[in-house]
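Report on one structure; see the data block that follows.
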């Protein structure tokens, strides 16, 4: 027996319906340059979204076609988030930081029919176009300048295109399983893999993020979206702000840490989200600034990509800012877990509370998780048993787009995350490592992430990464690469610091104190590159490449 | 092109999965008698839910079959909320306050195969059974006593039944459109109409209620569920508390206003929901109590069924309690609107803020609304244009169960609520009246609800209702029935009070100051009964029936 309920689909266009009626006078603000902002209302936004949808239909974009974007975080990019899927097409956000060859691979693999790009990206798109992107039938340039002199053709100004659109365009009623968006993984190994999000998945994820015990995304928030909009729909934050009617602020083109600080003060930002490194860079900017900054409005700073250190959590408390975290991935639209403090645990010691806040949190509603041993057995939630995390939800990918690697990762109705972790009795997940980054030493596992977090907590350490290097006796041993905040930092300091926290055999054999650690295009430590440097030329390979300032190899 | 997302259905059993893993140690508490409570954990609850599901399967309850409940608000009743739909059957909550003939109609119309009832309801069920309920194959009695001596057969003790069940029972994976629950409207005219809720509708409604700018239902809440669990799934509050892991408190059997006050103090209740009359009765109890009550924990009191008066909002502020409201109906699972204050309006004068809080609020996410004129035109959201409210959402009924009246109410993909209202430019709905309760006077409309709210705001008035009575000259004219809080209240007081607020022709021609106003089984003013009394014997008919204390008919 079926329920007798309306068969209303879950569509992104219905989130827009809500906002243009209830929150039409609330604002979307984009940082242009020091002291200058673009600001308009959700009512204006909605009209331009409708114009864009109808203009794309006029341009011949058919339902299901992919329209790529290569752009910074700003109001026009957000218009494409709603305007492209509004008519039934798919918004494919492309990572701006990739090499032309990688962008070419992604555009060709997705079969993008139109590319909507920022004006400062034109020279790069020209390189990509020269490599060959045969599916692309048109280019659209977002910006305020006239069209550039370019071989890209046909090419349109975004503003001209939507000026021809219809601000009363009525969005079609789609099946909720219709593809709305697409994003490729950052792919630390192999070619990027494409994930295709349905309207249903995105609406459900939005609803979860708007709940209590998550981001605190209420109508009264003023939210700064720092996470790149090319990365998993900007962590789905813009959609959540839209549905809730929160004021949404974008940092615009090529923002610096100083810009973020300025924006928080100018706009009285109450919440923001970005990679852990954003929180660190803003701290460093403030420390080195001669100015006093009033950031007292900032209540929530969601730092992701890796676990924020206790040091960074404590530092931000001076402004009354609570650093929160979660865990997610491109395959999960993106959120899997979010960290909030269960009331039964809220009376713990400060040590306990920080330890809890450094966990990746509990699964969000609709998300099921389990950890599996190497031999396929489900492990207990005892906070110790470690295995690969498997997840299942209506917003988890069932397959990669046209990719044979689907069968490696999606099996038996679960997505195998490739992350190793444990789950405590209250359901808090701790991600210990990527399966491929675990260090297998003498038949035991060493978590590179645990070592990294411990090293990052040293007062003289800015950041640290740990990789496995081959070892004849133990199979693998850890090597630590550390960026110092203080030139007096020595290997002995680090050894002593770790010795208090870990068994002897966990302590890395080797430490490199370096100027910088290479990062991937989404800001994660590029361990793949470090391992490649080591396998080519051993420790020297890394040293030569990383402008070593102090070599303290044991 | 479809998204490549897992086809995970939205099921009530998945809310339980979440809670038993993340919030297993949180509590469900039921008031037994003064100073005494039953308390157990969500882990215990989940095991008993699984036992119940498997026991019902053993008893021969097949997927899609309706299992009726006639019970108070307590932990066992909540177990049936999850346990019956867990196996694919449908929990049909039956209004305890109906006459045996009405219960018989509902049980036969739904075709209930099993009835699960409280032990104190047995004498009433015996009467219903004598009238004939042929579909019922078994009775199950919830309570702590031995089985009563009864002709009802076969009959089982609930505790014996679930003792035979399997606490590790695995819930089947159902289609999310599967019926989960059923409820009949309270039907102020004609026979009750059946609404059948799908798992999808209930999960989506639960997600909406858990969001910010609604009830404030976070994990840390201690929530008292006063709204009857036989009425639209207890306003869906128990499901929301379950998903969020909030502590859930039930008032148990035959609770009084004094019991509610006692429970709030004992359990440090942070939020509660009930009919407007509950807030009034609790206030009256406290006023007449010689004891000091500490109700400072109570932050949120959601009063529904009608608009709470400003007087009751102000009264509860002494405890720091915010009285909130919404608007919904059996056909909407139930919530349509919820009232929260948009930040752009938060700086208004106290007058403005109270006026805003007395509106029924903005539509919740996924809910679309519009107001329609008599001749089928959509009216503007100007805060003045009044018409019938039409609604559309994934949790709105598409039909009544086996009922030809479907075609009157569900047309063109919209549910026609039968409520007349207007919508302001921020999307706040004001319900002015039931279409059938509007007073048509001289070609104009008079809102009985506006008059009632104004009368209820008079310091000497406890409650008031206004009905239309036939008038030769004007077609209809308003008649007010008022319960006084102070014996000095006179008609002249009321006339003067209304004259400041309404045009002259809105003022009722006649006022009756009475001891009581008849209510429906869900606590609304029974205007149908008042109109019937009037049509039989005019004003005298009402007077004779209502034990008039002071007759001030003009």
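Just so it is clear, none of the values below were taken in a lab; they were calculated from the coordinates. The structure presented is a predicted model; accordingly, all values stated were derived computationally and were not measured. Please note: Cβ atoms are built from the backbone with ideal geometry, for glycine as well, and neighbour counts cover all protein chains shown.
If a paramagnetic tag sat 7 Å from the Cα of residue B:351 along the Cα-Cβ line, which residues of region B:479-503 would have the backbone N under 18 Å from that point?
Flagged as within label range: B:497-503.
Looking at the protein assembly as shown, what % of its DSSP beta bridges pair antiparallel, to the nearest 5?
Among the beta bridges of the protein assembly as shown, antiparallel pairing accounts for roughly 60 percent.
Using only Cα atoms and rounding to the nearest 10 degrees, what angle (0 to 90) does helix A:100-110 make with the longest principal axis of chain A?
60 degrees
Using only the alpha-carbon atoms of region B:181-329 as identical scatterers, what base-10 log of I(q)/I(0) does the Debye formula give at q = 0.12, 0.14, 0.16, 0.18 Å⁻¹?
-0.50, -0.68, -0.89, -1.10
Could you check the spin-label model distance between residue A:97 and residue B:289? Points 7 Å from the Cα along Cα→Cβ, value in nm.
Here the answer is 5.9 nm between the modelled labels.
Taking the label point 7 Å from Cα in the Cβ direction, how far apart in nm is residue B:355 from each other copy of itself, listed shortest first?
5.6
Over region A:438-551, what is the relative contact order in percent, taking alpha-carbon pairs closer than 8 angstrom and at least six residues apart?
22 percent
Assuming a viscosity of 1.002 mPa s and a temperature of 20 °C, what translational diffusion coefficient in µm² per second does Stokes-Einstein assign to the protein assembly as shown, Rh being the Kirkwood radius over Cα pairs? Can you show the working numbers first?
Working: Rh = 31.7 Å.
Rounded, D is 67 µm²/s.
For chain B, what does the helix formula give at 222 nm: sum of -39500 (n - 2.57) over DSSP H segments with n ≥ 4, over the residue count, nearest 500 deg cm²/dmol? Present the calculation step by step, with values, prior to reporting the outcome.
Working: 17 runs with 170 residues, N = 554.
So the helix-based figure for chain B works out to -9000 deg cm²/dmol.
Is region A:12-255 rounded, prolate or oblate when judged by the Cα gyration tensor, a ≥ b ≥ c being the square roots of its eigenvalues, rounded requiring a/c under 1.5 and prolate requiring a/b larger than b/c?
Rounded, because the longest to shortest axis ratio a/c is under 1.5.
So the label point sits 7 Å from Cα along the Cα-to-Cβ vector; using that for residue B:317, what distances do you get to the other copies, in nanometres, sorted shortest first?
Ordered by distance, the counterparts are at 3.6 nm.
Angle check, please: helix B:276-288 long axis (alpha carbons) against the longest principal axis of chain B (alpha carbons), in degrees 0 to 90, nearest 10.
80 degrees
For chain B, what does the relative contact order come out to in percent, with C-alpha contacts under 8 Å and a separation of six or more?
Relative contact order comes out at 10 percent.
In whole percent, what relative contact order does region B:7-98 give with Cα contacts below 8 Å and a gap of six or more residues?
27 percent
Per-residue mean of other chain beta-carbon atoms within 10 angstrom of the beta-carbon, peptide A:365-371?
Values: counts 10, 10, 3, 5, 1, 1, 0.
For peptide A:365-371, the averaged partner shielding equals 4.
Across peptide A:428-438, what mean number of C-beta atoms from other chains lies inside 10 Å of a residue's C-beta?
Whole-number average of other-chain Cβ neighbours for A:428-438 is 0.
So if the hydrodynamic radius of chain A is defined as the Kirkwood radius over C-alpha pairs, what does Stokes-Einstein give as its diffusion coefficient at 10 °C and 1.306 mPa s, in µm² per second?
65 µm²/s
Please give the average number of partner chain Cβ atoms lying within 10 Å of the Cβ of each residue in B:477-489, rounded to a whole number.
On the way: counts 0, 0, 0, 0, 0, 0, 0, 0, 0, 0, 0, 0, 0.
That average works out to 0.
Under the convention of a label 7 Å out along Cα→Cβ, give the distances in nm from residue A:509 to the same position in every other copy, shortest first.
Spacings between copies for this position, smallest first, are 10.3 nm.
Going by average Cβ neighbours within 10 Å, how do the peptides B:402-413, B:316-327, A:8-19 rank, with the highest at the top?
Packing proxy ranking, top to bottom: A:8-19, B:316-327, B:402-413.
Give me the distance between the Cα centres of region A:280-332 and region B:104-135, rounded to whole Å.
Region A:280-332 and region B:104-135 have Cα centres separated by 60 Å.
Could you state the angle between the C-alpha long axis of helix A:75-86 and the longest principal axis of the C-alpha atoms of chain A, as a value from 0 to 90 degrees rounded to the nearest 10?
Approximately 70 degrees, to the nearest 10.
Provide Rg and Dmax in Å for region B:438-551, with only Cα atoms included in the calculation.
In Å, with Rg to one decimal and Dmax whole: 13.2, 37.
What is the log10 of I(q)/I(0) for region A:28-118, computed with the Debye formula using one identical point scatterer on each Cα and no solvent, at q = 0.26 Å⁻¹?
-1.26
Between region B:155-196 and region B:338-389, what's the alpha-carbon centroid distance in Å?
For region B:155-196 versus region B:338-389, the Cα centre distance is 35 Å.
May I ask you to derive the FRET efficiency for residue B:408 and residue B:375 from their Cβ-Cβ distance with R0 = 22 Å, giving the value to the nearest 0.05?
Between residue B:408 and residue B:375 the formula returns 0.80.
For region B:326-436, I need the span (max minus min coordinate) of the C-alpha atoms along each principal axis, in Å, sorted largest to smallest.
The principal-axis extents, from largest down, are 49, 28, 21 Å.
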